[in-house]
Amino acid sequence: MSQATDLPSLYAELAVYQANVRRTFHYAVPDDLPVQVGQLVQVSFRTGLSQGIVLALEDQSPVQRPKPIQEIISAEPVVTPTQIAFARWLSEHTLSPLANCLWLMLPPGIAKRGGVRYRLADPESECPPEGETLSAQVIALLCKRGALTAKQLDRALPNRSWREAIRPLLANGRLLSEPILPEPDAEARTVRVARLLISPERAPEIAQGMARSPKQAAALLVLAEQGGELDLSDLARDSGASLHALRQLAAKELIEISEEARYRDPLAARHYPPQPIPTLTAEQAACWQTIRAAQDAEGGTFLLHGVTGAGKTEIYLCAIEHALAQGRQALVLVPEISLVAQTVSRFAARFQGQVAVVHSALTDGEQYDTWRRARNGEIRIVIGARSALFTPLPDLGVIVLDEEHDDSYKQSPPLPPPYYHAREAAIALMRLHKGVVILGSATPDVVTTFRARRGDLTYLHLPSRVIVPRSDSETAIAAPLPPVSLVDMREELRVGNRSMFSTALRLALRETLERGEQALLFLNRRGAATFVLCRACGYVARCPECDIPLTFHKRGESGQLICHYCGHHAEPPKRCPHCNSNRIRFFGAGTASVVEAVEGEFAGARVLRWDRDTAHKRGAHEAIWARFAAGEADVLVGTQMIVKGLDLPRVTLVGVMLAETALSLPDYRAAERTFQLLTQAAGRAGRGWRGGKVILQTYQPDHYAIQAAAHHDYETFYARELDYRRLLDYPPYKRLVRLLFSAPSHAQAQREAEAAAAALRAHIAAEDLSATRLIGPTTAHFGKLDGIYYWHILARTTEPARLVGDPATHWVVDVDPTDTL
């Protein structure tokens, strides 16, 4: 009887924060711990300590004698029940560990993995001299610096097998180890604030009597002018008063100095002037009414297929306004951080003081504070990249995915799992919230359109471009899409033009500049030359870590060869390292060489470049966009980030330097990606009252993707692409699963891939998965990256979960991959 009463009365199902752990675990809840669902707790796991998230509380445990929860880490739940249900869906859909899905929803600084700390058993003993053996070096380090964690030893002894070396020391008791779990280091920011304790009207009179303390008097006057309250640092800066002088004012009881919590909000100091609200066209109004009806009912998912400049954003704004009127929140996703600034300016102008941003370029503190504000219901609209999907908005009413076709919405290797697509995740999340998802694009993903026309989603169409009014007295009008000219670069070569500018593009660019208008030049390659070749023996300069060609960048006197994957740098060779020939040549062109060509041919042209090289610093995307939008440059040269959704009414010319850069990739979506990029690029021209035109330069003018883009013809491209997909059994007719294998040697990666393929074929036969077909195993297109070798298997199947089952821990499983290279 006493044994029965000693049993715990409550048990918790937990997800533990451990690598490659797929299942959940049950722990006993001590009677003195007020554990809640969603809380972060500390538990003993295997031989160490681990964080865990409470998924459910039950009065029975499926296991005998479960371990107890040790302590509560977070007083408040860190995830909501809706987020737990969302994480379970994400885990099942992507075949990923549940813990990986849950910890996506936590901001930086909260998630901590357990570790080990090592110390000497007798720290008082005399430190021995540092020996030659690795174990002796570890002892010397511990003696000199005290107890060290495994991470600290990794940094002190990089690429050394110190764990193996200390096993005898642990066995004989000379070294001791203990499990540790670091405390979360995310915390609220506090600032010191000065407040006036007298009425502002009395400040000048009192300041006049402080002739011997001019700095104190100045501080008093500044504080009165600013409404009686100011951050202490700002008061010291504006008045010239020292901290000592301000403390003397506080001692005189003229001001008080206190600390208060302050959110780190990157938009706090920004002002977005209100913009006039345009009247919807008949086409826009019809789409909006359909969406509104779903918002007033049980929600739904919509594909908003509108040509570039059709006014999709205005429909987004209407849907968000309606969600806010219902007391709910809204989430707007964009594919690139480069689009956040423009999107925020448009939405914050309509919804003053109600917009927050979430993306990986924010500081850890900014991300943590935005997470707290959202969880507390203090944010109504969030704008961001795909990670914003996991913001804890309590009553989400609408999610917008602008440019829904973009591959950036998919998380893919080598990033950690889960490998989710924001589109599918958003649809699943809004089923839980009973809200609306709007998928907007001028070039929808072929699979999305197929599903919409099959009836899985509601299809809405905006076939006409809209030119917004220049003043309140004008109305929006329908306008044609810009005319597109195809230039066959083979013909340019035949007539002796070896420049990167065709005759047509050179003339159009000159006319555009003479009229004082703006131009976009698009080339999806960075750098000055795409590879370096010896014309005597065929040697190509390659990255030693990645086995891919190095790209030449003009940096410094002689330039540099750079690997765009691992960052390896090398000096460009003057003579061939294989045959000693001096016939070294630089081939191909990148954005840097386009800028150089524009500046060389068009004297006085103001040129901006926008790619990863020029926009790697914080705030760089917004600064480049703002400068070009303000007319501070005539020509913008860039990679694909300049053709994704930017609205630049002054641009009247778009030049695509090389239309087929993606067509040669061994990827079943190469044609679709090419069509989307070219159509989106063409859509940047003529979005204002001046109109515009597009010039596509190509060596493959007859390819169906290029022809369809030149005619703005989505329907012809869609029909042709579906025929191709049906013939080869690719999505939407089958789903794909990619299994990736990596190892420090080519032979090991090959062995693992071949063993997995044999196991899968046996599983396919045993489970009667007759509709499943394997491609491979074979080396990945990029067979070596950052010193690691890659092999992969591609499966076409209707049942990814049945095919993969419970995958081995070393398998990287990517369901519905957008990258099959």
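Tabulated data for the structure shown
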{"item": "In nm, spacing of pseudo-spin labels at Ala136 and Asp238 (7 Å Cα→C-beta vector)", "result": "6.6"}
{"item": "For the chain, calculated [θ]222 nm from helices alone, where every DSSP H run of n ≥ 4 adds -39500 (n - 2.57)", "result": "-9500 deg cm²/dmol"}
{"item": "Kirkwood Rh (inverse of mean 1/r, distinct Cα pairs), the chain, angstrom", "result": "30.9"}
{"item": "Table column - 3J(HN,Hα) (Hz), segment 159-166, Karplus curve with 6.51, -1.76, 1.60, x for Gly and Pro", "result": "6, 10, 8, 6, 4, 5, 5, 8"}
{"item": "Mean Cβ neighbour count within 10 Å, used as a protection proxy, ranking 284-295, 579-590 highest first", "result": "284-295, 579-590"}
{"item": "Three-way shape call for segment 569-660 based on the alpha-carbon gyration tensor, with the a/c threshold at 1.5", "result": "prolate"}
{"item": "Cross-link table Lys554/Lys617; Lys215/Lys252; Lys67/Lys151, entries beyond 25 Å C-alpha to C-alpha", "result": "Lys67/Lys151"}
{"item": "Antiparallel DSSP beta bridges within the chain, percent to nearest 5", "result": "60"}
{"item": "Candidate residues Trp162, Trp625: accessible-area rank, largest first, probe 1.4 Å", "result": "Trp625, Trp162"}
{"item": "Karplus-derived 3J(HN,Hα), 6.51/-1.76/1.60, for each residue of segment 31-36, Hz, glycine and proline x", "result": "4, 8, 10, x, 6, 10"}
{"item": "Solvent-accessible area per residue, Å², over segment 146-261 with all protein chains present [probe radius 1.4 Å]", "result": "61"}
{"item": "Integer Hz, Karplus 6.51/-1.76/1.60 couplings in order for segment 477-483, x for Gly and Pro", "result": "10, 6, 9, x, 5, x, x"}
{"item": "Value of D in µm² per second that Stokes-Einstein yields for segment 308-378, Kirkwood Rh from Cα pairs, at 10 °C (1.306 mPa s)", "result": "118"}
{"item": "Accessible carbon and sulfur surface of segment 250-329 relative to its total accessible area, %, 1.4 Å", "result": "52"}
{"item": "Net lengthening on full extension, Glu260/His746 (0.36 nm per residue, minus Cα-Cα)", "result": "169.2 nm"}
{"item": "Protection-proxy order for peptides 815-821, 721-727, each taking the mean of Cβ atoms within 10 Å per residue, highest first", "result": "815-821, 721-727"}
{"item": "Largest-first ellipsoid semi-axes for segment 22-72, taking √(5λ) over the Cα gyration tensor eigenvalues, angstrom", "result": "15, 14, 12"}
{"item": "Accessible area, probe 1.4 Å, largest first, for residues Val495, Val643, Val484", "result": "Val495, Val484, Val643"}
{"item": "Ranked by how many other beta carbons lie within 10 Å on average, peptides 513-522, 193-202 from highest", "result": "513-522, 193-202"}
{"item": "Kirkwood Rh and Cα Rg combined as Rg/Rh, segment 129-254", "result": "1.47"}
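The values are calculated or read from the model by the stated rules, or taken from the named source; none is laboratory data. Values in this document were obtained by computation on a predicted structure and should not be read as measured data. Every residue, glycine as well, gets a Cβ built from its backbone with ideal geometry; the counts of neighbours run over all protein chains shown. Only protein heavy atoms, including side chains, enter the accessible area calculation; ligands, DNA and RNA are left aside. Shrake-Rupley method; radii C 1.70, N 1.55, O 1.52, S 1.80 Å.
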